[in-house]
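Take a look at the structure below.
The values are calculated or read from the model by the stated rules, or taken from the named source; none is laboratory data. Quick caveat: nothing in here was measured; it's all calculated off a predicted structure. Please note: Cβ atoms are built from the backbone with ideal geometry, for glycine as well, and neighbour counts cover all protein chains shown.
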Amino acid sequence: MIIEVLKSKIHRVKITQAELNYAGSITIDEDLIDAANMIANEKVQIVNNNNGARFETYIIKGERGTGTICLNGAAARMAQVGDIVIIMSYAYMEMDEARNYQPILVFPDADNKLIK
């Protein structure tokens, strides 16, 4: 049996921009993408802690070290600048592999930067 499990999560980052007139996606600082073992074009689920919205989109690489978290296109309607979100990616695994898999969890600081 194959099941879908949490692969990685960027926990509690702040939306820095919302660009409605753009092809849909989320732009994420490349440092955060790397730390979470995510890649450009990967499907992610976004959960907005401020308004409860949940939606899916895909990743675009943002400039490294900037802390950018920008919702683009229709996704820009799902949050406001300053809202706190959780970004999650999932993977399909065999049940035995999933039982032992430990997701990668990233906890950035208040400026969306990696804590060193």
Subset of the stretch 83-116 [out of contact with any Gly (no Cβ under 8 Å at 6 or more places or on another chain), within 20 Å of E63 (Cβ to Cβ) and loosely packed, with under 15 Cβ neighbours inside 10 Å]
D109, A110, I115, K116
Picking from A23, A53, the residue that is more than 12 Å from the chain's Cα centre (by Cα) and at pLDDT below 95 would be A23
Name the single residue that is nearest to I104 (Cα to Cα) among those in the stretch 14-31 being touching a Gly at 6+ places or on another chain (Cβ under 8 Å) and in contact (Cβ under 8 Å) with a residue 60 or more places away in the chain.
D31
When both residues are 6+ apart or on different chains and their Cβ atoms are under 9 Å apart, which pairs have a first residue that lies in the stretch 45-72 and is under 14 Å from M88 (Cα atoms), and a second that is part of a loop (DSSP other than H, G, I, E, B) and modelled with pLDDT under 95?
T57/G24; Y58/G24
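Collect the residues in the stretch 1-24 that are outside any strand (DSSP E or B) and among the β-branched types (V, I, T), keeping them in residue-number order. I'd like the intermediate steps shown before the answer.
Of the residues in the stretch 1-24, the ones outside any strand (DSSP E or B) are 1, 15-16, 20-24.
The answer is I15, T16.
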Taking the stated definitions as given, is V44 under 10 Å from the mean Cα position of the chain (by Cα), surrounded by 14 or more Cβ atoms within 10 Å (Cβ to Cβ) and closer than 27 Å to A98 by Cα?
yes
List the pairs whose first member sits in the stretch 1-13 and is of a type in the set (S, T, N, Q), whose second member is crowded, with 16+ Cβ neighbours inside 10 Å and in a strand (DSSP E or B), and whose Cβ atoms are under 8 Å apart, counting only residues at least 6 apart or on separate chains?
S8/M88; S8/S89; S8/V106
